[in-house]
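One structure is given below, encoded as structure tokens.
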Amino acid sequence: MEKVIEIMNLTKSYGNGRGIYDLNLDIYKGDIFGFLGPNGAGKTTAMKIMTGLIRPEQGDVRILGHSVTEEYEKAMAKVGCLIEIAESYHYLSAFDNLRQLARYYPGVDHKRIDEVLELTGMLKFKHEKSKKFSLGMKQRLGLAAAVLSRPQVVILDEPLNGLDVEGMIDIRKMIQHLAEKEQTTFFISSHLIHDVELTCNRIGVIYNGKILNVENTQTILKNYATLENYFVSEVERNGRVSSSAS
Amino acid sequence: MAVFQAALLNELEKLYKKKKVLVAILLSLAVIVIGQLVIVGVRSGFGLRGTGSVEFPMLVLSVVVNTILPLFTALVAIDSFSGEFTQNSMRITLTRPVSRFKIYTAKITAIVLFILGALLLLLVFSLLAGFIFNTNSATLDSLSRTVFSYFVSLLPLTVLALAIALLANIFKSGIAVFFVSILTFLALKVLGVLFSQYSSLFLTTQLDWYNLFLVNSFPMLKILRQFLIMLGSGIMLFTAGFYIFDKKEF
Amino acid sequence: MKFKKKSVMLVSFTVGTLLLATTALADIASKSGYDELKGAIKLTTEQASEKFDSFTLDYSMALKDNGKTLESSNETLKVDRTKDASENISSGLSANGDKRSSQSYSDKTTMIRVSESDPTYYVTEFTKERKDEAFNNPFKEEEAADIEKIVDAVVGSLKDHVVVTENPDGSKAITGSLTEVQIPSLVNAVASFQLKQEFNNQNNNQNNSKMPRLTKDVFVKEVKGSAKVNADGVMESILGTAVLSGKDEQGTVHEISLEALVKVMDINTTTVTKPDLTGKKVVKDIARYGDAEMSNPEKFVGKFKNDIIIEKDNKFIKVGERFVDITQIDGKSVTGRYYSEFKPEFEEYAASLSDFKFEAKFEQDQKTSANFEGTNDSGDKVRGHIYLSEYEGQVNFNIDNFNGSFGSGLMFNSSFSPVLD
């Protein structure tokens, strides 16, 4: 299987003891990878490094074979992402916001912008300025921005933040649709375990800056009643290990 | 290059959509109108000529190059950096396939183009006002020197933009950058008077360097030295600013 | 890759720093034409006041309206520092057409003046040798450094308009010219307003003046200057021209130009000759020169008086006299008595003025003035100030807080003349 994202020995620590330590992870083509972990486990840190917002102290991330730290433009050329809160220029309309981004990708025209707005259900707000948008609308716009360039890899940090149930279902459908139709690889972090269970086909658990385990969703569900049970047992096992070690 | 163009186009669009351009146009026109009114007042009140048709643009330049142009430069530069840092909207651009070097350069270029636009606008309108309202005193020489003066003023203003961009990358708050810039500006002005023998090293004096191009003898060496001083400080400021920008975590 | 980016940044920063530092040093080291001009003026005045034994300074000025001379003046100052003597010949034409010409000579002991309109030689002889320099260096004055700074700041970017061309023999020509567009508008406006007021005021004072009255469109059209500096760095000549343009009430355009030329000539070869007074009409005058030191203070011993008057029946009537009687005086102190005498019919006023003795020490560097203190009849302290005027042969005697006289209607001043008969 073709490796799409390679995370190698990634280390980044913050003053308060948080951070990630020697993270190793491979994501393969067609994966909808669920990055599961409690708040502060290092999910966002890892994803920020993957998208170049912060630099690692050690290690590197390769996306489609290109190093993020050294060949940023090449690495990011086929990546769409949404990190933390979906940001937009509030003085620009939804359309103008997307057009700004479209300029970085040669194949994206106005028709494609309309397409992604349709896909995320934002077409009717096309010419409204984003400062009037609700949190959910902003999140939809952010998702539209993430998939705008028909990326091969999509990195989403808490994509369902602020969405209502209908929105969650819409987005989940969209993700599955893209994964099936366009073979898009997803890297999704979430603390909503149930949702991850429904959306993702591979799951990695991160706790205290370390990857505990990576497993197929099907395999997990064979052994555990729910994903939640698996998550709790993984975390507990790790907690015991660390407490016995100390 | 295509990526840089995209980044630049984006920066320009943001400037334009933020109504900055409109404010700049209005303020520039206000300066010209007020200036012309003062001249008319001086002429009828004191019996002085005030300015001739070509001197009026020079009068306007001598005023704006020390006032509204540095102010515009500061506001636009602070908005372009500090503004996007605090709103986190810098991430929108940063997570696209464009290097930070290109983003930084595009931002600076957009600011420079903005200043150039302001200069051109002031030049055109002050020339128009000069020809309509003032006694004709134009010669081809004085006209070309006037136009030239406007264009060369872009260089010190660019250095100023680089300096403010550096400050905007050092300090978190845009307001802090603004006040530090203004205080530094005033301090340099005062120092330029107190130590007039070193004043050519100060940016505030360099803002007036267009005067060198008005000198009949065209002091080539002096112009070259001033150019190199500005170039040197420009390179330093750009590198330092980019270094900090490149290290920043978002 | 990482390493490359860092080194590129380092190199570019270094290049920027080096570029800035080297040019900055070169810029500070390079002397502008303005600096050379300043240097030449300073050197010339310094040499003139300290080094040259003798020299001639020629100063001429002309004011022209559209090329027609309105006013002109010419002055030649010859200085011989070895003898501390100087001679000044001046001539001129004023705006209302009057010609004038005068000549003066001065050395340590005499000063002679004569003018064309009055061929009398006025001779002033000094009792003491004067210590004045024939020519003072203005840059040695206390305020000179501050004034220089202010001038530098005002001149500002106009400095660069001064151009120096060096000749093969080591001499230099310094030139500068400013036309309309080069003169900052504000400077132009202030200068033309000032000049316009000046000209028009002069017009009001002299009705038959040929000076045009400018009312409209006044502006400074051109300012030019050139100077010649010889191989020794001494300025030989400096010429300045300013052109003011404007319209009078009839709408005629006037270009008023002011030209000034200063030349330094005949360095060490100038001779100053005392005018020959034989056979000339001479008025002599002896000057008691030198406030600071009195050669014969004893001449002030004696009585000095002034009148006390009142106003009565629309007339001034003398009611008495006040006296200052100096009994002792030398270089250090003066003692005496102050009192007043009234005519018998006005004795009732006597009570309002007091009698007292005083003693005063002269101030350190002012041997003619002193503060005194005395005690009057009623035992009160009286303070005041005494000033001996050698020129007027008078004593100025002021009593502090002395306002009783005004209430009583008595009138007098503080100058006391000697009682001589």
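Computed from the coordinates by the stated procedures, all read-outs in this text should not be read as laboratory data. Keep in mind it's a predicted model, so treat the numbers as computed, not measured. Here the Cβ is made from the backbone with ideal geometry for all residues, glycine too, and neighbour counts use every protein chain on show.
A few points about this structure:
- Check: the protein assembly as shown dipole with +1 on Lys, Arg Cβ and -1 on Asp, Glu Cβ, in debye: 4120 debye
- A crude spin-label estimate for the pair B:LEU191 and B:VAL40, with each label 7 Å from Cα along the Cβ direction, gives 4.3 nm.
- The HN-Hα couplings worked out from phi for region A:198-210 by the Karplus form 6.51 cos²θ - 1.76 cosθ + 1.60 (θ = phi - 60°) are 6, 8, 8, 9, 9, 9, x, 10, 10, 9, 6, x, 10 Hz, whole numbers, x standing for Gly and Pro.
- Ordering C:PHE139, C:GLY240, C:PHE362 by the projection of their Cα atoms onto the charge dipole of chain C, which places +1 on the Cβ of Lys and Arg and -1 on the Cβ of Asp and Glu, puts C:GLY240 at the extreme positive end.
- Separation of the C:TYR391 and C:THR271 label points, Cα + 7 Å toward Cβ, nm: 3.6 nm
- Shape of region C:210-350, Cα gyration tensor, a/c cut at 1.5: oblate
- Taking every alpha-carbon pair under 8 Å whose residues sit at least 6 apart, region C:297-418 reaches a relative contact order of 22 percent.
- Estimated FRET transfer efficiency (B:LYS172, A:ARG55; beta-carbon r; R0 22 Å; 0.05): 0.70
- Debye equation applied to the C-alpha atoms of chain B, log10 I(q)/I(0) at 0.13 Å⁻¹: -0.87
- Förster-model FRET efficiency, 56 Å R0, C:ASP285 and C:LYS312, C-beta, rounded to 0.05: 0.85
- Of C:MET265, C:MET411, C:MET111, the residue with the greatest mean-square motion in the GNM of chain C, using alpha carbon springs below 10 Å, is C:MET411.
- Relative to the current alpha-carbon distance between A:GLU70 and A:ASP114, full extension at 0.36 nm per residue lengthens the span by 12.5 nm.
- Positive-end extreme of charge dipole, chain B - chosen from B:PHE72, B:GLY241, B:SER126 (charges on Cβ): B:GLY241
- Where GluC sites (Glu not before Pro) fall in DSSP loop in region C:38-132, at most 13 other Cβ within 10 Å: C:GLU116, C:GLU129
- Cα-Cα over 28 Å, subset of A:LYS48/A:LYS138; B:LYS19/C:LYS5; C:LYS312/C:LYS357; C:LYS83/C:LYS159; C:LYS315/C:LYS381: B:LYS19/C:LYS5; C:LYS312/C:LYS357; C:LYS83/C:LYS159; C:LYS315/C:LYS381
- Between the listed residues B:LEU27, B:LEU183, B:ASN10, the Cα displaced farthest toward the positive end of the dipole of chain B, a dipole computed from Cβ unit charges relative to the Cα centre, is found at B:ASN10.
- The length gained by stretching the chain between B:LEU140 and B:VAL124 to full extension, at 0.36 nm per residue less their Cα-Cα distance, is 4.1 nm.
- Label zone at A:LYS181 (point 7 Å along Cα-to-Cβ), backbone N below 11 Å, region A:149-175: A:174-175
- 222 nm mean residue ellipticity, helices alone, for chain A (DSSP H n ≥ 4; -39,500 (n - 2.57); rounded to 500): -11500 deg cm²/dmol
- Amide hydrogen neighbours beyond the local backbone of C:GLY393, cut-off 5 Å, H modeled: none
- Debye, to nearest 20: dipole size of region B:2-247, +1 on Lys, Arg Cβ, -1 on Asp, Glu Cβ: 460 debye
- Inter-centroid distance (Cα atoms) of region C:19-39 relative to region A:130-185, Å: 63 Å
- Excluding same-chain neighbours fewer than eight residues apart, the aspartates and glutamates reachable from C:LYS361 by a Cα-Cα span under 19 Å are C:ASP291, C:GLU293, C:GLU298, C:ASP325, C:ASP330, C:GLU373, C:GLU390, C:ASP400.
- Sparse-neighbour loop sites [trypsin sites (Lys or Arg not before Pro); region C:45-106; at most 14 other C-beta within 10 Å; DSSP]: C:LYS51
- Dipole magnitude (debye, nearest 20) for chain C, charges at Cβ of Lys, Arg, Asp, Glu: 1480 debye
- For chain C, averaging the sequence separation of C-alpha pairs within contact (under 8 Å, six or more residues apart) and dividing by the residue count gives a relative contact order of 13 percent.
- Distance from region C:251-272 to region A:20-69 (C-alpha centre basis), Å: 84 Å
- Gain upon complete extension [C:VAL15, C:ALA144; 0.36 nm per residue less C-alpha separation]: 42.3 nm
- Rounded to the nearest 500, the helix-only mean residue ellipticity at 222 nm of chain B stands at -25000 deg cm²/dmol, with each DSSP H run of n ≥ 4 adding -39,500 (n - 2.57).
- Peptide B:88-94 has a mean of 6 when you count, residue by residue, the C-beta atoms of other protein chains within 10 Å of its C-beta.
- Pairwise label distance in nanometres, C:VAL419 with C:PHE346, each label 7 Å out on the Cα-Cβ vector: 1.6 nm
- Taking a point 7 Å from the Cα of A:THR219 along the Cα-to-Cβ direction, the residues of region A:11-45 with backbone N closer than 20 Å to it are A:23-37.
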